[in-house]
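Report on one structure; see the data block that follows.
The values are calculated or read from the model by the stated rules, or taken from the named source; none is laboratory data. Not measured: the values here are computed from a predicted model.
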Amino acid sequence: MTYHLTPPPRPSLNAFKAKWRKLIADVLIADVRDRYRPELHYMRGPGPKWRAKHQSSPQSCPS
């Protein structure tokens, strides 16, 4: 007994184009939605570890 394996059906060109259009639109929408907002990443200064490390060093004031 012989079995003939047929390849899976290939999607049409229009389906391929539609998938690419949706992918591109999703990426563009995500890019517009997820903009970098620096106020969320603003560093307010040295933290407690930095202060503890540099507290013992003498303070020098340049003249």
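Checking each residue in the stretch 1-39 for being part of a helix (DSSP H, G or I) and aromatic (Phe, Trp, Tyr) picks out 16, 20. Would a scan of the stretch 12-26 turn up a residue that is modelled with pLDDT under 75, within 29 Å of the chain's Cα centre (by Cα) and acidic (Asp, Glu)? No: zero hits.
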